Amino acid sequence: MLGCESRFSFEENSIPPIRDFGQLVGPDNNGVALLPGYSSRIVARSGSQPLLGSGYIWHNSPDGGATFPTPDDGWIYVSNSEVPSGGGGVGALRFDAAGFLIASYPILRNTTRNCAGGPTPWGTWLSCEEHAAGHVWECDPFGGFNARELPALGTFQHEAAAVDPVSGFVYLTEDRPDGRFYRFIPNGNDLRGLPDLTSGVLQVAEVLGPLEGSVEWHDILDPVGAVVATRHQIALSTPFNRGEGAWYDSDFIYFATTGDNRIWAYDIARSELVIIYDDDFFADPVLKGVDNLTVSSRGDILVAEDGGDLQIVALTSTGNVTPIVQLAEHRASEITGPAFDPSGSRLYFSSQRGVDGFEGNGITYEISGPFSLL
C-alpha cells in the first residue's frame, strides 16, 4: 500500500514508471492545469456536433471510455453516456493518423446509465449499465455491428469491466455500498474463435483475510438475480464499498472503490488481492474521490477524481501520488473516461457536467505531450 507495508510492489512491472512529473501550471485557455510542455484541446461538447456537418450530437454525461487503433494508423475514442431512463448509450470519435477528427457516430443507443466498462483484447467495448437491472453491452467501436446485450455477465448495478487477455475472463465491479467483485468465465469460444460472452459462469469473490489476502471464487447460480440479488447469493462473498473503474495491465486487475477511497490490485496468477492506495494513510491526501482509472505504457496508474480537486492523479512505484491534470472551477462535475491513444502520447477524458455542473454541459478533452518521457 502506498504509505504502508504491502505484499504488492509496482516494481514487478518490467517497464520503468513515471518518477518526476513536476508541478501543474495554468489553467490554460480551456480551463485545464497541465504539466509544463503539455497542451489541451476540446474535442467534443455535450449537445453539439463534434464534427460539423455530421449531424451527430455528442451525448450528455460522458463517462467511461477507451481507445482503439484503426487500420489507417488512427484511433477511435469511445465514451459512455450516463443518462437515465433509456437516454444513455455510447458515442465514438474517430481520428486519423495526424490526430484530426474525421468521424463521429453512435455505437449504442437507448440504454440506461452507461457508466464505465472496458475494452476487450479483440477490439470491442464493453459498456456497463449502472442500475439494479443493468447489463453489459458489447459494442463495435467502428460501428460495424449492432451492440449486443450480455445477460450472462449478470444483472446488477454494473460499473466497470476488465478482460484478462490470457484466459478471456471478465472481471466486473459493482457500484453499491455493499457491491461485490465478480468474474465471468466463458464456456468456450464463439464462431470467431473469441471468448463467448453469451454463455458461461458468473463468480463472486471472497477475500480470505480481514481486508487483503487470497481470493476464492464462488459460482453464482442465478446471474439474473431474479429472486436474490447477485451480491447477496453467496454469504461468504466480500463486500466492496462502491466498486468503480477497473483496468487490466501486466497480469493484474486494478480497480477503485469510491466509498472508502481505495485502489486495489488483484494478482491473477496468485489469486491475491491487496490495497495499493488508501487515503486514510495520508494526513492530507492528494487523491480523493477515486473513480475511473487507466494504466500508462510505463506502468503508472492514472486515477480520475469524482469530486476532490477534479484531478487525474498518477500512482507510481516510488510511492508518489502526483496530479498530472486538473480542471479549474468544475466543482460540481467529475473527471471520467481517461484513456491513452495507441501511441501513448495523447490522453482523453471528460468533465461529465462541465463548469456549471449540469448534465448537458459535458466536455471531452485531449491532452498532448511527452507522456512516454516522464
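As a summary of the residue check, Pro151 satisfies the conditions (1) within 19 Å of Asn60 (Cα to Cα); (2) in contact with a His (Cβ under 7 Å, 6 or more places away or on another chain) except for the one numbered (1).
Find the residue count for the range 91-110, including only residues that are assigned to a strand (DSSP E or B) and more than 29 Å from Ser167 (Cα to Cα).
Residues of the range 91-110 assigned to a strand (DSSP E or B): 91-95, 101-110.
Next cut, more than 29 Å from Ser167 (Cα to Cα) only: 93-95, 101-106, 109-110.
The qualifying residues number 11.
All of Gly55, Gly86 fail the test of being more than 17 Å from Ala103 (Cβ to Cβ), open to solvent by 10 Å² or more (accessible area, probe 1.4 Å) and over 20 Å from the mean Cα position of the chain (by Cα), apart from Gly86. If you scan the range 145-168, which residues turn out to be open to solvent by less than 20 Å² (accessible area, probe 1.4 Å) and part of a strand (DSSP E or B)? Matches in the range 145-168: Leu150, His158, Glu159, Ala160, Ala161, Ala162, Val163. Here Gly360 fulfils each of the conditions (1) in contact (Cβ under 8 Å) with a residue 40 or more places away in the chain; (2) crowded, with 22+ Cβ neighbours inside 10 Å apart from (2).
Does the range 216-227 contain at least one residue that is over 17 Å from Pro119 (Cβ atoms) and within 16 Å of the chain's Cα centre (by Cα)? Talk me through it step by step, then tell me what you get.
Of the residues in the range 216-227, the ones over 17 Å from Pro119 (Cβ atoms) are 216-227.
With the extra rule that they be within 16 Å of the chain's Cα centre (by Cα), the set shrinks to none.
No, every residue in the range 216-227 fails to be over 17 Å from Pro119 (Cβ atoms) and within 16 Å of the chain's Cα centre (by Cα).
Condition first: part of a loop (DSSP other than H, G, I, E, B) and within 16 Å of the chain's Cα centre (by Cα). Now tell me which residues in the range 228-249 satisfy that. Arg242 - this is the single residue of the range 228-249 that is part of a loop (DSSP other than H, G, I, E, B) and within 16 Å of the chain's Cα centre (by Cα).
Which of the residues that make up the range 103-119 are within 14 Å of the chain's Cα centre (by Cα) and in contact (Cβ under 8 Å) with a residue 60 or more places away in the chain? It would help to see each step written out before you state the result.
To start, the set of residues in the range 103-119 that are within 14 Å of the chain's Cα centre (by Cα) comprises 114-119.
Within the range 103-119, Cys115, Ala116, Gly118 qualify.
Let's see how each residue does on (1) crowded, with 19+ Cβ neighbours inside 10 Å; (2) more than 20 Å from Gly357 (Cα to Cα):
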site: Val32; (1), (2): yes, no
site: Leu35; (1), (2): yes, yes
site: Ile42; (1), (2): no, no
site: His59; (1), (2): yes, no
site: Phe68; (1), (2): yes, yes
site: Ser104; (1), (2): yes, yes
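Residues that are assigned to a loop (DSSP other than H, G, I, E, B) and buried (at least 23 other Cβ atoms within 10 Å of the Cβ) do not occur anywhere in the range 324-332.
The values are calculated or read from the model by the stated rules, or taken from the named source; none is laboratory data. Only a predicted model underlies this, so the values are computations on that prediction, with no experimental measurement involved. Note: ideal-geometry Cβ built from the backbone for every residue, glycine included; neighbour counts use all protein chains shown. Note: accessible area is taken over every heavy atom of the protein model, side chains too, but ligands, DNA and RNA are not part of it. Shrake-Rupley method; radii C 1.70, N 1.55, O 1.52, S 1.80 Å.
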